[in-house]
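The values are calculated or read from the model by the stated rules, or taken from the named source; none is laboratory data. Worth saying up front: this structure is predicted, and the values here are computed from it rather than measured. When we count neighbours, we look across all protein chains shown, and the Cβ atoms used for this are built from the backbone with ideal geometry, even at glycine. Each accessible area value is taken on the protein alone, full model and side chains, heavy atoms only, with ligands, DNA and RNA left out. Shrake-Rupley method; radii C 1.70, N 1.55, O 1.52, S 1.80 Å.
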Amino acid sequence: MNLTNLLRHISLRHIKYQKAQTLLALAGISLGVAAIVSIGIVNKSVLRSFEDSFHNATGRAALQVTGAQSGFPEDILDLVRSVAGVEYAVPVVDTDGLLAVGKERSIMILGVDVLVDSQIRSYSLADENADIPDSLLFLAKPDSILVTKAMAEREGIVMDQKIQVETVRGTLTFRVRGILNPEGPAKVMGGNLAVMDIYAAQMAFGKEGRIDRVDVSLVPGEELETVRQRILAALPQGYTVETPAGRTRQIEGMLEKFQTGLNLISIFAIVVGMYLIYNAVSISIVHRRKEIGILRALGVTRGQIMRLFLAETLVISVVASVLGVGLGILVADSIVGVLGKIVSSWYARTSVTGISVTWLHPLAGIACGIAASLAAAVFPVLAGSRISPISAIRSVAWSEEGFFTGKRLNIAAAFLILLAATVYCLYRFTDFSPLFRSSGFLFFSQIFLLLGLSLVTPAFLKGFIALFHRLLAYRLGSTGMLAGLNLRKNINRNAVAVAAIFFGISVFVNSAGFVNSFKQSVTTWLDAVVRADIIVSNGHPSSSTNAQTIPMPVDMWQDIEKVPGVLSADPWRKLYLDFKGKRVLLSSVDMIRRGEYSNFIVVHGSNKEIGRLLPQRDNVVVSEPFAEKFGIKQGDFITIPTPSGPIRCGVVAVVVDYLYDSGTIIMDINTFQRHWGDRLADHFSVRVKPGEDIAKVKNAIQLQLGTNRKLFVLPVSEFKEEIRKVMDQTFVFNYALSVITMAIAGFGIIITLLASVLERTREIGILRSIGMLRRQVSAVVLLESVLMGTAGGILGCGAGMITGRLTLEGAQYSSAVEYFIPVGSIVWALFMAAGLAALAGIYPARRAAKTNVVEALTYE
């Protein structure tokens, strides 16, 4: 009998008979595949948005010269133009504005030299511009602006209309002198772009005499790398000359940790799905023992039995994976916007307008689904192939252990736990290898630990049931006694369902512990370093992150201090710079003013030394992640690129700082202004005089300074709440993982209990015949599900606390991030495990209660 006939006549009939079990297995693996596909797609879509932005915004430019984020002197343009092989070198101001009408969207402002920019970029004008001979020339007027057609349609903007834009100088009025078709630069940021004359942009956004980048085209026949090296040699140190593709790679490196975390989330989901497949295949084999025995008696070999069940699993996994791909694409389309906002808030400006799907993502999802399913099915299939014809036909009780004897499980568990400890030690105590000192490497320690503990589940379940019998079973009467006995009958099968719950709960507690610990640590840090009463910003209030804010003139602190009730106001400025090929945050504060009321949380050094050595001197303070990543210690010197050339700064102290996980350099704002020539501030920290009402002072600041600006004047408590909201958005995928894993675990409970009910059909019939009521039968099955959920919940909570601590350590934020046991989340996890298990047990319980007594007594 060949495999095709076996599948057609045996497997297909079984699948039709066990529709619920098959559908649940399909659903479980589909969710796992959907997680892999959706996360892969959204990761690629974010990177593609950067690629498209760079490509559309640069036009014919083969190279881009960039420097400090605050801009660099226009003199650099002449140096670039003088390099042999450069055809055109075009200056660009690339900054942010805020459209003060309609939906008040953050928009990208592109300031260009109207006389030469057309050599690099082409602008396609819409029909509304037909009566204008050359719209670009109209940009020479300082109040002129071009908007994209997408923006015009969304905001109801027409030609020659006046619009208001938030700038460094306040709210300015511009006249729309052209509408751009969605081509070239007009496609950047999903159409959230406006084009201005470079001089007007410099004046409006505080960049007088400075530009943000130079776009370079090459003389035909010149080799790109050769010209790139010539430009680098002509420029002072600290400037970057990259292709648009190279800038994309920089962004990719910056997002590496964040995207790795998302990929690890998808791996968790597929691992939980493997438990479900293992249980489904194992139960299928138990149900078909007699069928297997008959086939073996008819001459079917063990190899054919194995191939039959593996082929069934393959068919199911292919169908489930294809469905998972479709679901993953739908999920990606619904969450890509959320991820885009997170990336824009914490990393770099982007606008993800749609998903980017390639064949790689569906193929990877299908391959992972099939591989995981077949791997999970191998061992139960091996055990099923060992069923002898005589034992199966005579209905002799069959041991489910097969390959997985208690001794082998314990040995495998010990090996995996030892492997987890080894991986952790390599991570913890090996400093020379970047491979070992990565969060991805530490992830393997968590996986090995969870797999090892999952193999201990049968032994744990035995002990849990024994404890239940000793303490509670007799109090619940016959229901409690029967439930415990039923769980003991097929301990390995039930342990797999418990392991699925264990894995789901461990992921939940892991995420809760990591998120809560990080949030509490950040809150403690905010309370320690943000000691002002009011925060003033121009744009989104969470300006301490990468949110798109509009800087203000630094001298505004003098105007704020004139407001009645204000004691002092000190500025804070941030920008990002390239340090040894990595993007880091430069944070500058007025050290003298800030030192009067706020201190750093110092890891190495002292606040006294910081107050003495930082003001107006070429010294800095660095954050722990910066010191860890670059091997910097207190007392070392680092070279920092500036628009006027590199400067050598002494490291006065290493401090706790959570503003940027890639590392932060902190310097005095007077030192920053001297080297960068930047006279702007991102926000002001305002202290109120003793006895003054904070709300009244806040309103007074808004009234006196907010008439020509979109000021956010927030009491510090509200400002901190905005920071917490941003953190909650960042961890939304951790919460989604918990939902996915728990859903898959719930499917595992349903499959296990359905199998148990079917296997005990005759037993249930006997109990019903001697007087057991339907509700009592239902109660037994429900209690079994609750016991399995509780056992998995207890084991999962313990594992989740350990892995949560490892996750926090792998994030490498700071040694000051203390792990807080998430007591509330653990309580919720236990209730959730028992409650989910009870919900999963409702359908099997109802099915058991409806068992026909006569049919059950004749069932074999």
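Data table
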read-out	value
Accessible area per residue, Å², the range 550-618 with all protein chains present, probe 1.4 Å	44
Between the range 432-509 and the range 556-603, the Cα center-to-center distance that results, in Å	51
Student exercise, the range 559-613 dipole from Lys, Arg, Asp, Glu Cβ charges, in Debye to nearest 20	320
Solvent-accessible surface ranking, highest first, for D570, D728 at 1.4 angstrom	D728, D570
Per-residue SASA entry for K850, accessible area with 1.4 Å probe, Å² rounded to 10	130
Carbon plus sulfur fraction of accessible area for the range 445-511, probe 1.4 Å, in percent	69
Rounded percent of accessible protein surface that carbon and sulfur make up, the range 587-737, 1.4 Å probe	49
Probe 1.4 Å, all protein chains present, accessible-area order of W359, W828, W572, largest first	W359, W828, W572
Three principal axis lengths of the range 531-642 [C-alpha, angstrom, descending]	47, 33, 22
Full-extension gain in nm, F444 to Q704, via 0.36 nm per residue minus C-alpha separation	87.9 nm
Residues of the range 403-522: accessible area per residue with a 1.4 Å probe, Å²	43
Within-10-Å neighbourhood charge of L442 [Cβ basis; K, R +1; D, E -1]	+1
Size of charge dipole - the range 509-628 - debye, nearest 20, with Cβ of Lys, Arg +1 and Asp, Glu -1, no other charges	260
Sequence of V219, V622 from largest to smallest accessible area, 1.4 Å probe	V219, V622
Candidate lysines for bridging to K162, where Cα separation is under 20 Å - those fewer than 8 sequence places away on the same chain excluded	K103, K141, K149, K710
Those lysines that a straight Cα-Cα span of less than 17 Å connects to K574, excepting residues fewer than 8 apart in one chain	K207, K582
Among F508, V589, P553 - extreme Cα towards positive end, dipole of the range 486-591, charges at beta-carbon	F508
Length released on extending from V378 to L472, taking residue separation times 0.36 nm less the Cα-Cα span	30.1 nm
Nitroxide proxy distance, nm - points 7 Å out along Cα→Cβ at Q616 and L330	6.6
Eligible lysines near K519 by straight Cα distance, threshold 19 Å, same-chain separation 8 or greater	K257, K720, K725
Accessible area of S769 in the full protein assembly, 1.4 Å probe (Å², nearest 10)	70
Only Lys, Arg (+1) and Asp, Glu (-1) charged, at Cβ; the range 59-118 dipole about Cα centre in debye	240
Accessible area of E74 in the full protein assembly, 1.4 Å probe (Å², nearest 10)	80
For the range 156-216, accessible area per residue (1.4 Å probe, heavy atoms of protein chains only), Å²	31
